[in-house]
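**Student:** Okay, handing you the structure first.
The values are calculated or read from the model by the stated rules, or taken from the named source; none is laboratory data. What you see is a predicted model, and the numbers here were worked out from it, not measured in a lab. Backbone-built Cβ (ideal geometry, glycine too); neighbour counts: all protein chains shown. Heavy atoms of the whole protein, side chains included, go into the accessibility calculation; ligands, DNA and RNA do not. Shrake-Rupley method; radii C 1.70, N 1.55, O 1.52, S 1.80 Å.
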Amino acid sequence: MHIAEGFLPPLHAAGWTLAAAPFVIHGGRAVARERRERPETTLLLGAAGAFTFLLSAIKLPSITGSSSHPTGVGLGAVLFRPPVMAFLSTVVLLFQALLLAHGGLTTLGANVFSMGVAGPWTAYLVWCTVRRVNHTAAVFAAVALADLATYAITATQLALAFPDPATGFTGAMAKFLGVFAVTQVPLAVVEGLLAVLVLRLLGDIARPELELLDMLPAAVTRATEAPR
C-alpha cells in the first residue's frame, strides 16, 4: 500500500520513519554482504528488486489517501531474507515517489514499514513454517500473506492517524480493513500464483543460483544430485 504524500500527520510520519530506519540500515548491510559473499546471485537480486518495482507500481485506487496494489516483496523475502527486502523496498518506494507520484517522501517511512518490513517478515515466517509440508504451497502462502500483512499494517497506520469519532481506533481499523479487503484479497491470491509461476521459470533459467539459495524443492535437489 502507498499512503499519499502529506496524508499522515507530521508526528505519525516521523514516528514511522524512525521505526523503519533500523531495518533499512540493516538491509543495506545485508545487500552489501550478499553481493560480497555470493556474487553469483547479483542478477537474481536485481530481478527481485525489479519484480517488486513492477508489481507495486500497479496502482488501483482504494480510499482517499491510499491505493491498493500487489507488493512483490514476498518472493524476494523468500529468496534473500527480509533484511534485503527492507532495503530494496526503500529504493523502490523512493523511485516511485519521485518519478511516479506514487506514495510520497513524508510518508516514505510508513510505506517502507508496511511493505518493506511487515510484508517480508511475514513472508519469511510463513515460508519457514510451510515449506516443510509443501514447497509450492509455501511459496504461494508466503507471498499472499505478505501482501495481506502489508495491507493490515497500512490499515493500522491510517486508523492510528484517523480514529473514528465514535468508535475510535477499533472502528477505524475495521473500516479500513473492510475497504482494502475488496481489492487486496484477490490481489494477494493473484500475486501468490504469479510468484509460484515465476519461481518455476527461474528453476529452468537460474537453477545454480536457486540451489545456492536453497530454494529448490527437496525432490528436485535429490534428482539433480542422483548419480547418472
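**Student:** Answer yes if at least one residue in the range 23-46 is at pLDDT below 90 and open to solvent by less than 50 Å² (accessible area, probe 1.4 Å), and no otherwise.
**Tutor:** no
**Student:** Moving to a separate point now. Out of the range 99-133, which residues are among the β-branched types (V, I, T) and assigned to a helix (DSSP H, G or I)?
**Tutor:** Hits for the range 99-133 are V112, V117, T122, V126, T129, V130.
**Student:** Something else now. I'd like the full set of residues that are under 20 Å from F87 (Cβ atoms) and open to solvent by 80 Å² or more (accessible area, probe 1.4 Å), limited to the range 5-21.
**Tutor:** If the condition is that a residue be under 20 Å from F87 (Cβ atoms) and open to solvent by 80 Å² or more (accessible area, probe 1.4 Å), then L18 is the only one that fits.
**Student:** So the check is Cβ under 9 Å with 6+ separation or different chains; which pairs have a first residue in the range 192-203 that's open to solvent by 70 Å² or more (accessible area, probe 1.4 Å) and a second one that's assigned to a helix (DSSP H, G or I) and not hydrophobic (A, V, I, L, M, F, W, C)?
**Tutor:** R200/T136
**Student:** Would you point out the residue of the range 163-180, among those that are aliphatic (A, V, I, L, M) and either without any contact (Cβ under 8 Å) to a residue 24 or more places away in the chain or not in a helix (DSSP H, G or I) (or both), that is surrounded by the most Cβ atoms within 10 Å (Cβ to Cβ)?
**Tutor:** Out of the qualifying residues, it is A172.
**Student:** With the condition kept exactly as written, say whether any residue in the range 88-100 is out of contact with any His (no Cβ under 8 Å at 6 or more places or on another chain), surrounded by 24 or more Cβ atoms within 10 Å (Cβ to Cβ) and of a type outside the set (S, T, N, Q).
**Tutor:** Within the range 88-100, one or more residues are out of contact with any His (no Cβ under 8 Å at 6 or more places or on another chain), surrounded by 24 or more Cβ atoms within 10 Å (Cβ to Cβ) and of a type outside the set (S, T, N, Q).
**Student:** In the range 115-135, is there at least one residue being more than 20 Å from the chain's Cα centre (by Cα), exposed (fewer than 14 other Cβ atoms within 10 Å of the Cβ), closer than 14 Å to S68 by Cα and of a type outside the set (F, W, Y)?
**Tutor:** no
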